[in-house]
Amino acid sequence: MTSPSAAPTFEGIQDLEARHVLQTYRRAPITFVRGQGVKLYDIEGREYIDLLSGIGVASIGHAHPALARAIADQAQTLLHTSNLFYHPLQGQVAERLAALSGLPRAFFCNSGAEAVEACLKFARRYWYTKGEPRAEFIALEESFHGRTFGSLSVTSDEHYRAPFAPLLPGVKFVPVNEPAALRAAVTKATAAIIAEPVQGEGGIRPLTPAFATSINEACDRTGALLIADEVQSGLGRTGYPFYFAALGLKPQLVAVGKALGGGVPVGAALISDEVARAISFGDHGSTYGGNLLACRASLCFLDQLVGGGLLAQVGRVGRHFEQRLRALAAKHSIVKEVRGAGLMWGLDLTRDAAPVVPAALAQGVIVNRTAETVVRLLPPLVITEQEADEGLNRLDAALGAVGA
């Protein structure tokens, strides 16, 4: 069989998954079958405004014509050859990422979690090469870095960690945005500090400038490397190519994923020359990482982000988005705080945010809940002010229904 059966029903899809798909996701009772721009359509033809973009992945919206053409063209040319050989696209993507980040080297993989895993390995390898092995990592409370063993080891939430213990030893967690706690934790035994410039799963919590300064000072004092996890906040999401630059952070390693492929799975670890010189052939690898399809999709996204004016649009629409969200907070007493930047926002509520998600779906808008009390919004970067207004009007109605 080379194509799915024609016209499945929602009940048939649900039943087939219940029998054959590992039940690790609690899905909403909706099946999406089509998308266009910032809109999704379910199996019954109902329209939704997508203010989540597949958790930050559909960066240039759904069914973007340029991305569709690039994928189709590449599929008819060559998809994959492995990293045993050169191909013409991987260096092009790496060069563009270097221009955006200031880090001249890239290692390609398939997801943000894999990019974090690579950064952790490269940090350990750096100290091993220097002849003074360091094993310790400093991570932040409220952090989320992924679900592989390494990335889970630097993720703070015990809900994710406990069933899989013991995890990687030598990880210390410090409170976010508390400089004194960080200074006390980082020593000359620390291989690296890992931090999200804006914590995503932890509730859309940007690091403060004072905390960013304390990270830089701790790294300067001890030699510890800095890993910036920009999987969610990077590549234009906040209105900056990378939010670490807005904070003045100076990472030697940066993890990216989500937005980079516009929906095609791709991740990358971006690496300084100093760290890259410590890496040898065979130290890490990926069968699929940086294949032609992933790189073609990445080039299409980067074309839109830089040459297509998307960064400027995120800045403009992001300011409008913030104004509307602050108006919602003033209107609805259940909203206690608005946090974020660009098109990465969280509404922190006075109660569990879980009821907002189905209430929003009933109004035809997609958001999600994170950190228990936070409504997370990660719309496609191509969203316009008018589309933002339409989506936030629907969210307004959902908040009203939940608040009542």
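Quick check: residue separation of Phe281 and Thr350 times 0.36 nm, minus the Cα distance between them. What number comes out in nm? Going from the current span to full extension adds 19.7 nm. Expressed as a whole percent, the accessible area of segment 14-114 that falls on carbon and sulfur atoms is 56 (1.4 Å probe). Pairs of alpha carbons in the chain separated by more than 40 Å make up 15% of all such pairs. For segment 7-141, what is the relative contact order in percent, using Cα pairs closer than 8 Å and at least 6 residues apart in sequence? After rounding, I find 10 percent. What percent of all Cα-Cα pairs in segment 226-287 falls in each 5 Å bin, counting up from 0? Pairs per bin, as whole percents: 4, 17, 24, 23, 16, 12, 4, 0. Here segment 113-255 is described by how far its Cα atoms reach on the three principal axes: 39, 36, 26 Å, from widest to narrowest. So what is the orientation-averaged projected area of segment 73-125, using the convex hull of its C-alpha atoms, in nm²? Mean shadow area of the hull around the Cα atoms is 4.9 nm². Using a probe radius of 1.4 angstrom, the carbon and sulfur fraction of the accessible surface of segment 279-399 is 50%. The shape of segment 182-314 can be summarised by an equivalent ellipsoid whose semi-axes, obtained from the alpha carbon gyration tensor, come to 27, 21, 12 Å from longest to shortest.
Computed in the context of the full set of protein chains, the accessible area of segment 161-255 at 1.4 Å probe radius has 58% of its extent on carbon or sulfur. Rolling a 1.4 angstrom probe over the protein heavy atoms with all chains in place gives segment 168-245 an accessible area of 31 Å² per residue. Solvent-accessible surface of segment 1-160, averaged per residue with a 1.4 angstrom probe and all protein chains in place: 58 square angstrom. At a probe radius of 1.4 angstrom, the accessible area of segment 250-404 per residue rounds to 37 square angstrom.
Using the Kirkwood formula on the Cα atoms of segment 252-404, what hydrodynamic radius do you get, in angstrom to one decimal? Taking the inverse mean of 1/r over all distinct Cα pairs, segment 252-404 comes out at 17.7 Å. In segment 189-242, Rg over Rh equals 1.00, where Rg is the alpha-carbon radius of gyration and Rh the Kirkwood radius from pairwise Cα distances.
The values are calculated or read from the model by the stated rules, or taken from the named source; none is laboratory data. Not measured: the values here are computed from a predicted model. Surface areas here come from the heavy atoms of the whole protein model, side chains and all, with no ligands, DNA or RNA. Shrake-Rupley method; radii C 1.70, N 1.55, O 1.52, S 1.80 Å.
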